[in-house]
Amino acid sequence: MKKLPFLLLWTVLASVLPTANHAATFEEVFFDVPAELITEAIPTPTAQLQAVPGYPDDAQRLTLIGRLYLPDAMAHGTGPYPAVVIMHGSGGVWSNDLIANGLSNQFEEWGELLSDLGYLALFPDSYNPRGIPGNFASRRPHHDPNIDDHLCSPNYERPKDVVAALTYLVTRQDFDGSNVALMGFSHGAQTALNAMLDPSVDLGNYTVSYVDEGGTIQKAVPSPVRIPQQLPLPKVCAFFYGGGSHYGYHGTASSVTAGRYMFHRDTKVLMFHGTEDSLLGVDNPQAGPTFTGNFYPIKQALSSSAQAADIGVPDPLQHHFLMNGVEHSFDGVDDAAPEDWNTMNESADQKAKRLCRAEVLKWFTAHLKTPAPLTISEGPSAAELTLSSGTHTHLRHQWQFTTDFSMWSNLGDEFDGTGMDASSNLMKNEADHRFYRLSSQPIPPPLDAPENDGFFFDYADFGL
C-alpha cells in the first residue's frame, strides 16, 4: 500500500469483464533463457521456429518465442500494465502444434480476456526452442533420450523459462514491474510450482524415479531454479490440474510432512483439480462420500501448508478447488451458453471452467490492478468529512484507518462492492492524525451456493 500525503490512499477498481470490444493486439516476441541457467548443450530449435521471421537462431543462445497480448491503449491508457505469464501444458501452446496457426483456442481466449481487462499476457513456448515440434505428453525420465522429458523437465528445466519471461518483461516500458502473476496448466502448472519454491525449501541433492533398461532407479538431477531477487516475484499464482508426484522430485509423494515442499511465502496460490482427473489420483470418483487414492497434488499442498505452519508464516495456499466429476484439461472446453449455466446442459467441465476463471480474475483484480484514489471531502455537516472511493462487484471492501501504518483498524462492517462509489462519513476530530484506506479482497468463492451443491469437495472428503 503506497503512502500518500493529505490522507490520500488507494483502493482497487477494475472489472472482471472486458471493458471494450476490439480486435486483440498481440506480437511475437523473442527472449533468451539467461546464460547462467544453461547447464547442458543447447538444443537445435525446430525447423518451423527457425523459419519465423526475426527469430535469432544462434547456437550459443536458448532463445524462446512467446506471444504477447497487449491492452487497448484507448481503453486502458498507455501503461505501464500489470502482467500475467502463462505456462502451457504438455500439448503445447500453438493450435495443432503449428506456430503459423497462432495460439490454441484455450490460450487465445485467455490472451484476449486478459488484454481486454488491461493486462499484458505473455505465453512462452517451451517446446519449439528445444527442438520439440509438438505434443510432449506422457513423458517421464527414461533411459531412451527419444522419450525422455529431461530435455524439458517441468521440475528443473522449464522453470528457467519463467525466469526468462520475467527477465524479458522488466525490459519493457509498458510493464508494471510491481504487479505480475503466474499461471500454469498441467505440465505448465508443475513448471510454475517448481519456479515458486519458498526459500525455506532445501535445494540439496535432488533425484527422480528414472526408468532404466533394468527397471526403475533413482537418478540424480539438477535442483530447481530460484527467481532472482532483482526480478519481480509473481504476487498471485493459479495452477490448473498439475501433478503432485513429480517422479519423487520433492521427496516421497505420499508425505504431508513439513519441509518437502512449500509455495513461496510472498505469493498467493490458487489450485484447481477435478475428481475425474487421473493426476489427482482418485481410485473411484463415484465411490464417495470418502474417496480413496494417492491424492498426490493434495498431499503436496498439505506439505506446503505444514511447512508454512512449521516456520511460522501465513499459508500461501488460499484455495484448492476440488470439483466433482471434472476431468483433466477442463479449462480448454467450449463454454456453455449463459442460459445453460447450472442446468443439465452445462457439463461439469464447463462449469469448472466458468467458476475457476472467475476466481482467478477476482484475485488478479484484488492484487495486481493499479488502485483508484480515495478522496476526502466535506461531509453532510460542518463537523463531518466524507471518505469516497470506487468499489468492484467481485471484491469485498472494508474502510480502515491507521495512525502509524503498522496496524490498521476497521471502520464499520465489511461490504460487497457494487461497481459504484462507496462513501463513509466521520467526525472531523476523528480524522486528526489518521490515514485511511478502503481495503479490498476477493469475495469468497461460492462453495456453499445452492446451485453448487455437491460440486465442491474439501480435504475431509478424501480422508485427509
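The set of residues in the stretch 51-89 that are in a strand (DSSP E or B) and either more than 28 Å from the chain's Cα centre (by Cα) or within 12 Å of ASP125 (Cα to Cα) (or both) comprises THR63, LEU64, ILE65, GLY66, ARG67, LEU68, VAL85, ILE86, MET87. When residues in the stretch 359-397 are screened for being of a type in the set (A, V, I, L, M, F, W, C) and surrounded by fewer than 15 Cβ atoms within 10 Å (Cβ to Cβ), 2 of them pass.
With respect to (1) surrounded by fewer than 22 Cβ atoms within 10 Å (Cβ to Cβ); (2) farther than 22 Å from LYS353 by Cβ; (3) more than 16 Å from the chain's Cα centre (by Cα), the lone exception for ASP266 is condition (3). Those strands (runs of 3 or more DSSP E) of the stretch 133-237 in which at least 1 residues are within 19 Å of MET87 (Cβ to Cβ) and at pLDDT 95 or above, considering only elements entirely within it, cover 175-185. Would you mention how many residues in the stretch 265-290 are more than 19 Å from VAL360 (Cα to Cα) and in contact with a strand residue (DSSP E or B) (Cβ under 6 Å, 6 or more places away or on another chain)? Number of matching residues: 5.
Matching residues to (1) among the acidic types (Asp, Glu); (2) buried (at least 20 other Cβ atoms within 10 Å of the Cβ):
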{"position": "GLU109", "(1), (2)": "yes, no"}
{"position": "LEU120", "(1), (2)": "no, yes"}
{"position": "SER126", "(1), (2)": "no, yes"}
{"position": "PRO129", "(1), (2)": "no, yes"}
{"position": "ASN146", "(1), (2)": "no, no"}
{"position": "ASN155", "(1), (2)": "no, yes"}
{"position": "THR171", "(1), (2)": "no, no"}
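Scanning the stretch 92-102 for residues that are more than 24 Å from VAL236 (Cβ to Cβ) and within 19 Å of the chain's Cα centre (by Cα) yields a single hit, GLY92. Within the stretch 326-355, the set of residues being in contact with a Gly (Cβ under 7 Å, 6 or more places away or on another chain), more than 28 Å from LEU197 (Cβ to Cβ) and of a type outside the set (A, V, I, L, M) comprises GLU327 only. Answer yes or no: is there a residue in the stretch 440-447 that is surrounded by fewer than 16 Cβ atoms within 10 Å (Cβ to Cβ) and among the β-branched types (Val, Ile, Thr). Within the stretch 440-447, not a single residue is surrounded by fewer than 16 Cβ atoms within 10 Å (Cβ to Cβ) and among the β-branched types (Val, Ile, Thr). Inclusion of PHE295 among residues that are aromatic (Phe, Trp, Tyr), more than 17 Å from the chain's Cα centre (by Cα), more than 25 Å from SER138 (Cα to Cα) and surrounded by 19 or more Cβ atoms within 10 Å (Cβ to Cβ) is not warranted. Exactly one residue among ALA366, ALA336 is assigned to a loop (DSSP other than H, G, I, E, B) and out of contact with any Phe, Trp or Tyr (no Cβ under 8 Å at 6 or more places or on another chain), and that residue is ALA336. In the stretch 197-215, of all residues being hydroxyl-bearing (Ser, Thr, Tyr) and free of Cβ contacts under 8 Å to residues at least 60 places away in the same chain, the one that is farthest from PRO141 (Cα to Cα) corresponds to TYR206. Is it true that some residue in the stretch 343-352 is of a type in the set (Val, Ile, Thr), surrounded by fewer than 18 Cβ atoms within 10 Å (Cβ to Cβ) and not assigned by TED's automatic domain parsing to the domain that holds PHE107? Within the stretch 343-352 (the criterion being of a type in the set (Val, Ile, Thr), surrounded by fewer than 18 Cβ atoms within 10 Å (Cβ to Cβ) and not assigned by TED's automatic domain parsing to the domain that holds PHE107), the answer is no, since none of the residues qualifies. Checking each residue of the stretch 135-143 against the condition of being out of contact with any Asp or Glu (no Cβ under 8 Å at 6 or more places or on another chain) and under 30 Å from GLN173 (Cβ atoms) gives no match.
Table: residues versus (1) surrounded by 21 or more Cβ atoms within 10 Å (Cβ to Cβ); (2) in a loop (DSSP other than H, G, I, E, B); (3) aromatic (Phe, Trp, Tyr).
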position: HIS250; (1), (2), (3): yes, yes, no
position: ARG260; (1), (2), (3): no, yes, no
position: MET271; (1), (2), (3): yes, no, no
position: GLU276; (1), (2), (3): no, yes, no
position: GLN300; (1), (2), (3): yes, no, no
position: ASP310; (1), (2), (3): no, no, no
position: VAL313; (1), (2), (3): no, yes, no
position: LEU322; (1), (2), (3): yes, no, no
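Figure legend. Inter-residue proximity from the stretch 170-192: first residues assigned by TED's automatic domain parsing to the domain that holds PHE123, second residues assigned to a loop (DSSP other than H, G, I, E, B) and of a type in the set (D, E, K, R), beta-carbon distance below 8 Å, spacing 6+ or different chains. Indicated pairs: ASN179/LYS235; ASN179/LYS369; VAL180/LYS235; ALA181/LYS235; HIS187/ARG158; GLY188/ARG158; THR191/ARG158. Would you call ARG67 assigned by TED's automatic domain parsing to the domain that holds ASP161, touching a Phe, Trp or Tyr at 6+ places or on another chain (Cβ under 7 Å) and of a type in the set (Lys, Arg)? Yes; evaluated as a whole, the condition is true for this residue.
Can you tell me which residue in the stretch 45-94 is surrounded by the fewest Cβ atoms within 10 Å (Cβ to Cβ), limited to those that are of a type in the set (Val, Ile, Thr) and at pLDDT 95 or above? The qualifying residue surrounded by the fewest Cβ atoms within 10 Å (Cβ to Cβ) is VAL52.
Checked against (1) within 23 Å of ASN194 (Cβ to Cβ); (2) touching a residue at least 12 places away in the same chain (Cβ under 8 Å), PRO289 passes all but condition (1).
Tallying residues that are part of a loop (DSSP other than H, G, I, E, B), closer than 23 Å to HIS328 by Cβ and free of Cβ contacts under 8 Å to residues at least 40 places away in the same chain within the stretch 90-126 yields 1.
Taking each residue of the stretch 140-158 that is farther than 21 Å from LEU37 by Cβ and looking for partners that are buried (at least 21 other Cβ atoms within 10 Å of the Cβ) with beta-carbon atoms closer than 7 Å, six or more apart or interchain, yields ARG140/ASP149; ARG140/TYR247.
The values are calculated or read from the model by the stated rules, or taken from the named source; none is laboratory data. Being a predicted model, the structure only gives us computed values, none of them experimental. Cβ atoms come from the backbone with ideal geometry, glycine included; neighbour counts cover every protein chain shown.
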